[in-house]
Every structure is written in structure tokens, then in C-alpha cells.
Amino acid sequence: MNSKTFPGTVESIDLIRHYISEIAQSAGLDKKSSYNLKLAADEIATNIVLYGYEEPGLEGNIEVLDEQTEEALTVIFEDTSAPFDPLARELPDEEDLTKPLEERQIGGLGIFLTVKGVDDFSYERVGEKNRNIFKMLKGRVS
Amino acid sequence: MSFSIKSDVKDAPESGKVATIYLEGELDSLSARLFQKEIEKVAIESPKDLVLDMEKLTFMASAGLRVLIFSKQKIGPSLNIFLVKPQQPIVDTLEHTGLLHSVTVVEKYPA
């Protein structure tokens, strides 16, 4: 398991995204899977920084862990902001997604893209930490 | 951060005003703030067409989608949004979120 720690600030979001790209590349994910993982990671990192740390005025880190097996790449974000389960919120449904732009609600799309883009996304609270877990299967035919 | 944006608004005598925004690099939640400011700037001119040149845009997060929704809500439902040469992952994102049929993807503008 590799680990890298980023301060929970907006400046880190860009850096985390690029770090995730490197991990995806070294795991041999195809272009599409790499992009989807990067997008998912960006959405979750953004939520942690803006709503977990910045909004309540807290300081903390995002620790990015990754582990590879022959079958899968797993990336885990750990942070120490208040418990927040991204999956607890209702995702946009088919009806929401077919509404014209002018009637669209503006929230929920980030989590939707996260869940849609990775092979498995899960959340757990362990002690004082939120753990957001992204799993990508390797060798998918796309 | 690698993101740049510029815009211009031109008068087209027959079709009304055309606002063109050139997006380059990665559009995440931070750069989306700049994108939104640019939309607010061109919205003053009440363009009929909004042309987003995306050929050099390599990444777009949901914050970028929210600005697309915002632009329609700000400028009005009659606004036509054209995306010039968006890259495939961005088209996929628009498709998954149901936004693709609210915009027109083109190779160039005007066609």
C-alpha cells in the first residue's frame, strides 16, 4: 500500500488529480478508465476540501492510499473532517437527468459521476476518519 | 494550474450576438469559478448563441457542468449552446448526465 499526504486545501485538488493520473498509468488502466478515476477522485477531493475543511474552517489532510493487485486498483482517500457519506445523499434519477437545462437542479452531479465512473465506490467511517474507496478493475475491454 | 479562458462577443447582423468562449486545460471546481465569471461577463450582451471552443479542454468536472446549467439559466432558455470539438471523455460526461441533448456539438462554428 502506497501513501501520500496532501493538505486539505484547494491548491491540492489539482495535485491530487495529477497524482491519481500517475497511479492509474502505473496500474496500466486504459485511457477511459484513467479519466473516469481521475474525475471521481477530483469530485470527492473537491467535496472534502470545500465542505469538509473550508466551509467549517477546519484544517486537515487528505491521505491518498493506493493498492494494486493483479485484478484491481484500489484508491482510498482518508480525511479527518466531520463524518460525511457521499452515498447518503439522493442521486439524480432518470427523470432529473432528462430535464432541460433551464429546469435542472444544480447539485448531485459530482457524486453521480463518481459512482458511474468507477467499478466500485464505497464509504466508511473508521474512528476519526472518513474513508472514500474507489476500485477499478484492470484489463477491462473498453 | 493549467487552465486558461478568453472570450469575445460579436454582432452577427442576421442572427443576433454570438459569444465565444475559448477553454483550455482542465476545468475543475476552481477554474469553474473563472468560467462562471466569463459567462456573467458575456451575459450582459444577451447573446443568442454561446459558442464554447473545447478543442483544447482536456478535463471537465461536474463544476463545469454546473456552469453550463447556470449559463442557460442566466442568459435564458432561448440561448443556443454550441460546443466546438469537445474531447470524447467530456462528451461522455455530458451524455451520462443527460446534458448532451441540451447542447449542439459541432466541428466548427459557424458550420
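Positive-end ranking of B:Ile44, B:Ile90, B:Ala32 along the dipole of segment B:3-106, with charges on Cβ about the Cα centre, is headed by B:Ile44. The lysines within cross-link reach of A:Lys32, meaning a Cα-to-Cα straight distance under 20 Å and a gap of 8 or more places when in the same chain, are A:Lys116, A:Lys135, A:Lys138, B:Lys56, B:Lys85.
Among B:Leu79, B:Leu30, B:Leu57, which one moves the most in a GNM of chain B with springs linking Cα atoms closer than 10 Å? Comparing B:Leu79, B:Leu30, B:Leu57 in a Gaussian network model of chain B, the most mobile one is B:Leu30.
Restriction of the GluC sites (Glu not before Pro) in segment B:1-78 to DSSP coil positions whose beta-carbon has at most 11 other beta-carbons within 10 angstrom yields B:Glu14.
Rounding to the nearest 20 debye, state how big the charge dipole of the protein assembly as shown is about its Cα centre with +1 on each Lys and Arg Cβ and -1 on each Asp and Glu Cβ. Please report the intermediate quantities before stating the final value.
Numbers: 28 positive and 43 negative charges, 125 e Å.
The calculation lands at about 600 debye.
Per-residue mean of foreign Cβ neighbours for B:60-71 is 5 (Cβ atoms of other chains, 10 Å radius).
Run the dipole for chain B about the Cα centre, Lys and Arg Cβ at +1, Asp and Glu Cβ at -1, nothing else charged, and hand back the magnitude in debye, nearest 20. Walk me through the intermediate numbers first.
Working: 13 positive and 15 negative charges, 58 e Å.
Charge dipole of chain B: 280 debye, to the nearest 20.
Starting from the Cα coordinates of segment B:3-106, work out the convex hull volume and express it per residue in Å³. All intermediate terms of the calculation are to be shown ahead of the outcome.
Values: hull volume 8.8 nm³, N = 104.
Expressed per residue, the convex hull around the Cα atoms of segment B:3-106 is 84 Å³.
Using only the Cα atoms of segment A:2-137, build the gyration tensor, take square roots of its eigenvalues as a ≥ b ≥ c, and label the shape rounded, prolate or oblate: rounded if a/c is under 1.5, else prolate if a/b is larger than b/c, else oblate. Judged from the Cα gyration tensor, segment A:2-137 comes out oblate (a/c at least 1.5, b/c at or above a/b). Annotation for segment A:40-133: GluC sites (Glu not before Pro) lying in DSSP loop with at most 16 further Cβ atoms inside 10 Å of their Cβ are A:Glu59, A:Glu70, A:Glu71, A:Glu90, A:Glu128. Rounded to the nearest 20 debye, the dipole size of chain A about its Cα centre is 420 debye, using +1 on the Cβ of Lys and Arg and -1 on the Cβ of Asp and Glu.
In this calculation the C-beta distance from A:Lys129 to A:Lys32 is compared with R0 = 25 Å, giving a FRET efficiency of 0.25.
Could you work out the mean count of beta carbons from other protein chains within 10 Å of each residue's beta carbon in A:94-103? Working shown, then result.
Numbers: counts 1, 1, 2, 4, 2, 3, 7, 15, 9, 4.
The shielding value for this peptide is 5.
May I ask you to list the trypsin sites (Lys or Arg not before Pro) in segment A:41-131 that are in a DSSP loop and have at most 12 other Cβ atoms within 10 Å of their Cβ?
Numbers: sites: A:Arg89, A:Arg104, A:Lys116, A:Arg125, A:Lys129, A:Arg131; in loops: A:Arg89, A:Arg104.
Filter output for segment A:41-131: A:Arg89.
Every number in this text was worked out from the coordinates using simple rules, so none of it is lab data. Predicted model, so just to flag it, every value in this text is computed and none were measured. A quick note on method: Cβ atoms are made from the backbone with ideal geometry, for glycine too, and the neighbour counts reach across all protein chains shown.
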